[in-house]
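The values are calculated or read from the model by the stated rules, or taken from the named source; none is laboratory data. Being a predicted model, the structure only gives us computed values, none of them experimental. Heads up, the Cβs are rebuilt from the backbone with ideal geometry, glycines too, and the neighbour counts pull from every protein chain shown.
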Amino acid sequence: MGKNSKYYKDLRKSKLAKINEMKCQLPLYTHSYIEKCVLKKQINTAYAYTQDIVIFFEFLKAKNPLCSDIKVSEIPFSVIEQLNSEDIDEFQAYMKADDESSPHMVGARTLARKMATVRGFFGYMKEKGYLPEDPTEKAEKNEKFEEPAIKRLSKDEAKKLLAVVEAAQHTVDLNSARERFVAKRDYAIVTLLLNTGIRVSECIGIDLRDLDFDNQQVKIVRKGGKETKIYMGKDVCAVLLDYIEHERPKLITDSNEEALFLSLRKKRIAARSIEAMLDKYRIEAGIADNVSAHTLRRTYGTRLYNTSGDIYMVANVLGHKDINTTAKHYAAVDEDRKKKASEIKLYD
């Protein structure tokens, strides 16, 4: 139940196993940094950092003559000691190369995240006294990248999407197992996402026992690992109850199944399945732009702000640690607010 559920325990166990597999590919002197990441950061973040370290050491093997004839795991610490800012800049160029010299070709945003890992690694080595200098300190700073345009549904688009998903319950093709068994599930998922703003990862992690219909609450595990309860409206509760009573029983083979949302394979639904489902319905609704679970989250957050005008409440409901994140992505001023702003008399 919540972060102590079997799902989250198994998820952590699986990620730890993959991290340990990657550690075997790396020199021993990198392990303490990775172990620190596991201790201090969420498991998904630690996993991503470990992947970044593997990529950096693969770069050393590919580009450093001293490493060409040895395994990545055998790269001596003397190679690390000899690196300077120019080597770090070469790594950045390697990551952005659009030819056969690099298998990556990442954008500015992805490179910035990977460089945060590399800077963290060298900073750790200097802090622990393994290196006298940190070669990343004098390396070129990452170029500023433009935030992608915030995608959200208009009021009409949100209504169209919900209408199409709801109609699927009544117009299903009886020869289609997919339509017959998951129409109510799909409607429950879209309704929940669009009316609570939870992340897709939070949605798939919900167990049946996390629902409290008496108090109209659902327990979720936030991105940072914090467990919290959020409120659902009566309409959301009704849709969930309809799915639980009339459709979920058809999707389970084990009466002890904990997951709220299940796939046709009788297992907890995956994030990619939800994204594919949303893409299917947005096409039927005639919505041109892609619609992801995050689109629904942003739609909810923006609507909540435009209705309440309370940025702190929006940050709390969405689970943001930094109020600036909320202001940046959700405090979109709609046309009505702009018009009202022009009518305010600052001086009499």
(request) May I ask you to list the residues in region 241-267 that are of a type in the set (S, T, Y) and under 24 Å from the mean Cα position of the chain (by Cα)? (result) S263
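Criterion first (within 16 Å of L318 (Cβ to Cβ) and either in a helix (DSSP H, G or I) or more than 22 Å from the chain's Cα centre (by Cα) (or both)) does L192 satisfy it?
Details: within 16 Å of L318 (Cβ to Cβ): yes; either in a helix (DSSP H, G or I) or more than 22 Å from the chain's Cα centre (by Cα) (or both): yes.
So L192 fits the description; yes.
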(message) Looking at region 134-151, can you tell me whether even one residue there is in contact with a helix residue (DSSP H, G or I) (Cβ under 6 Å, 6 or more places away or on another chain), modelled with pLDDT of 90 or more and in the same structural domain as K321 (by TED's automatic domain parsing)?
(response) no
(message) So the check is Cβ under 7 Å with 6+ separation or different chains; which pairs have a first residue in region 112-139 that's surrounded by fewer than 16 Cβ atoms within 10 Å (Cβ to Cβ) and a second one that's charged (D, E, K, R) and part of a helix (DSSP H, G or I)?
(response) E133/K126
(message) Of everything in region 202-223, what is touching a helix residue (DSSP H, G or I) at 6+ places or on another chain (Cβ under 9 Å) and part of a loop (DSSP other than H, G, I, E, B)? Give them in sequence order.
(response) G205, I206, F213, Q216, R222, K223
(request) Specify which of the listed residues (S101, S68, S78) is among the small types (G, A, S), at pLDDT 95 or above and either closer than 18 Å to A116 by Cβ or assigned by TED's automatic domain parsing to the domain that holds L28 (or both). (result) S78
(message) Please verify whether R199 is of a type in the set (D, E, K, R), under 23 Å from K9 (Cβ atoms) and in contact with a His (Cβ under 8 Å, 6 or more places away or on another chain), treating the condition exactly as stated.
(response) yes
(request) Sort out which residues of region 281-318 are under 16 Å from D156 (Cβ atoms), assigned to a helix (DSSP H, G or I) and more than 19 Å from the chain's Cα centre (by Cα), and write them in order of number. (result) Y281, R282, E284, R303, N306
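Condition check ((1) among the small types (G, A, S); (2) farther than 30 Å from L260 by Cα) across all residues:
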| position | (1), (2) |
| --- | --- |
| G2 | yes, no |
| S5 | yes, no |
| C24 | no, yes |
| K41 | no, no |
| M115 | no, yes |
(request) Please verify whether region 268-275 includes one or more residues that are buried (at least 20 other Cβ atoms within 10 Å of the Cβ), in a loop (DSSP other than H, G, I, E, B) and over 23 Å from the mean Cα position of the chain (by Cα). (result) no
